[in-house]
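Peer 1: One structure is given below, represented as structure tokens, and several questions about it will come after.
Where a number appears in this text, it was derived from the coordinates with a stated rule and is not lab data. All of these numbers come straight from a predicted model, not from anything done at the bench. Glycine also receives a Cβ, built like all others from the backbone with ideal geometry; neighbour counts cover every protein chain displayed.
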Amino acid sequence: MSKIGKKNITIPKESSIKIDGGSLTISGPKGSQSLTINDKIFSSKVNDKNEFQILPLNKKIDKKTSVMWGTYRSLINNAVTGVSKGHEKILELSGVGFRANIKGENLNLQIGFSHDVNFKIPKDIKITVEKQTTIKINGVDKDLVSKISADIKNLKPVEPYKAKGIKEKNQFVLRKEGKKK
């Protein structure tokens, strides 16, 4: 039995799930998302308490089915959270002269190179620069928000000596001691 898979997903009042065979369409105030599940292995339904359930069709559950059950449940829960509240990542730039600003559809970063780095913003993602050193990434799809965040962090990874670079908010950076005389 999957510990995560057997938990029900509470659907908020403003959101809804439409089940059509193996495809699910989740819609809410922030947008809509569609997912597909294997309908030969799992059945899905919405009960009277407005909770979504995913259950295996076969009573004898092997290890692979248990793993997939938890995975599908987590993906559906992330989609429900995304269309109702949205997903957000906050990045911080630390370093002398490190700045970020938005120019049209590009995120312009000055991160210690001899040139500015322009990052193209996808249409499904909303990026805002609150201060010059704080970047907020918002979106409906958790995978896409996390991927964009990782791509921006990879432009200038945090170095361990002075902790200069791009990092997530509250990310721990293991610092190293510099050379001694």
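Peer 1: Given points 7 Å out from each Cα along the Cα-Cβ axis, report the THR25 to ASN50 separation in nanometres with one decimal.
Peer 2: Once both label points are built, they end up 2.0 nm from each other.
Peer 1: In whole Hz, what ³J(HN,Hα) sequence does the range 172-181 give by Karplus (6.51, -1.76, 1.60; θ = phi - 60°), x for Gly and Pro?
Peer 2: 7, 10, 6, 8, 10, 7, x, 6, 9, 7
Peer 1: Any idea what the relative contact order of the range 87-168 is, in percent, if you count C-alpha pairs under 8 Å spaced at least 6 apart?
Peer 2: The normalised contact order for the range 87-168 reaches 35 percent.
Peer 1: Just to verify a number: FRET efficiency for ASN101 and LYS176, C-beta to C-beta distance, R0 = 30 Å, to 0.05?
Peer 2: My answer for the efficiency is 0.45.
Peer 1: Considering the values [x] 15.9, 53; [y] 21.0, 72; [z] 19.8, 65, which represents Rg and Dmax of the Cα atoms in Å as calculated for the structure under consideration?
Peer 2: Here the calculated entry is [y].
Peer 1: I've got another one for you. Considering only Cα-Cα distances, which of the following residue pairs are longer than 23 Å: LYS85/LYS147; LYS49/LYS89; LYS49/LYS85?
Peer 2: Too far apart for the 23 Å limit: LYS49/LYS89.
Peer 1: Right, another one. The range 60-160: which chymotrypsin sites (Phe, Trp or Tyr not before Pro) are DSSP loop and have at most 14 other beta-carbon atoms within 10 angstrom?
Peer 2: Those that pass, being in a loop and sparsely packed, are PHE113.
Peer 1: Show which lysines lie in cross-link reach of LYS176 when reach means a straight Cα distance below 21 angstrom and same-chain residues fewer than eight apart are skipped.
Peer 2: LYS153, LYS156, LYS162, LYS164, LYS167
Peer 1: Between 0 and 90 degrees, rounded to the nearest ten: what's the tilt of helix 63-84 against the longest Cα principal axis of the chain?
Peer 2: The angle comes out near 70 degrees.
Peer 1: Where the centroid of each part is defined by its Cα atoms, how far is the range 161-178 from the range 1-64 in Å?
Peer 2: Answer, in whole Å: 40.
Peer 1: Separate question: If you average 1/r across every pair of different Cα atoms in the range 9-84 and take the reciprocal, what Kirkwood value do you get, in Å?
Peer 2: The Cα-based Kirkwood calculation yields 12.7 Å.
Peer 1: Say each of ASP116 and LYS3 gets a label point 7 Å from the Cα, pointing the same way as Cα to Cβ; how far apart are those two points in nm?
Peer 2: The modelled label-to-label distance comes out at 4.9 nm.
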